[in-house]
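The values are calculated or read from the model by the stated rules, or taken from the named source; none is laboratory data. Here the structure is a predicted model, which means the values were calculated and not measured. Here the Cβ positions follow ideal geometry from the backbone for every residue, glycine too, while neighbour counts run over all protein chains shown.
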Amino acid sequence: MEISVLVTVKNDIENMKLLVSSLKTLGKDFEIVVVDAYSTDGTYEFIKSEADGERFIVSQIEGKRAVGRNECIRLSHGDKLVFLDSDSEITPGWETALKGQISREILAGKIVQELGSRWSDLERVPMYYKGKDVTFPSNNLMYSRNVIDKIGRFDERFHTAEDIDLNIRAVEMGYEIFYDEGVVIFHHPRKSYVSMLKQSYSNGIGRRLIMEKWGIKSSFNTSNLRRHPFIESTRLISGMLGYTIGGRN
C-alpha cells in the first residue's frame, strides 16, 4: 500500500517549513509530492534541499491550483492520493487515523484552525449537491486513484473551487464523501485582513464558475454573521465582487 501526499505551493516558505517537518514523521509507505508554482521567496529552493530519497518528489509548473494539483497527480505513484495545502501541518495521530480509513474511496478529515486570529473560527460556506455537502476542501482530502481515473482530474478552467467541482463530479458518479473527525490536520489561516479579503474575492470567482457549470447557487453562513458581523459582512462583499466581476476575460 502506498499513499501519496500531494501539495501545491507558491511563495509560502515559512508555512512549508512547518508542513515538511510534520510530513517527515510519516512511514515508508508514504510518498510526498510537492509542486511549486515558481515561487520567488525561496520556497522551491527550500523544498529541494529537504527532498531526500525517491519518496520525496519536487517539481515546478506555472498555473492555477488545479494545474499544480493535476501535476501532483501525474507525478505520484500511490493508490491513495491525499491533498494538503502548504499552510497546514499533520498532527501526531494523523497517519494512524488515515490508515484506519484507508479502504474509503473518498475521505475528508477535520481541519483545526490556528487560534489567535480574529477569523480563526469562521466556518465554510456550504454548498450541497443531491443533498450532499460538496465543500470539503482539497486540504486533508483523500481520493482513491481509481476514483480520479473515473471522474477525471481537476478542471483547470477553475480559478478556485476546483475541489468543489471535483466533489460534485464524485457525487454525480455515485460516490460517497466520508468525513472522519479523527483524521486531523492543523491549519494556519490568513494572517492579515487584506489577504483574507483577497481569498474571499478568489473564492467568489470559483463559486460563480460552479454556478455556471452545475447550476448550484452559493449562500452564506449565518453563524459566521452572528459571531463576526463586520468581518463576515466584508468577506461576503469581497466574495460577491469576485462572483460578479472577477476572473472575466
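For the stretch 64-106, give me each residue that is farther than 17 Å from residue 142 by Cβ and surrounded by fewer than 16 Cβ atoms within 10 Å (Cβ to Cβ). Listed by number, the residues that qualify are 74, 92.
Conditions tested, residue by residue: (1) in contact with a Ser or Thr (Cβ under 6 Å, 6 or more places away or on another chain); (2) surrounded by fewer than 17 Cβ atoms within 10 Å (Cβ to Cβ).
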position	(1), (2)
126	yes, yes
131	no, yes
149	no, yes
156	no, yes
185	yes, no
189	yes, no
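Out of everything in the stretch 143-180 that is among the β-branched types (Val, Ile, Thr) and in a helix (DSSP H, G or I), what residue ends up being farthest from residue 208 (Cα to Cα)? Residue satisfying both the conditions and the ranking: 147. Counting only helices (runs of 4 or more DSSP H) that sit completely within the stretch 185-249, those holding 3 or more residues that are modelled with pLDDT under 75 and within 21 Å of the chain's Cα centre (by Cα) correspond to 193-214, 229-245. Within the set 84, 23, the sole residue that is closer than 25 Å to residue 195 by Cα, modelled with pLDDT of 95 or more, of a type in the set (A, V, I, L, M) and in contact with a strand residue (DSSP E or B) (Cβ under 7 Å, 6 or more places away or on another chain) turns out to be 84.
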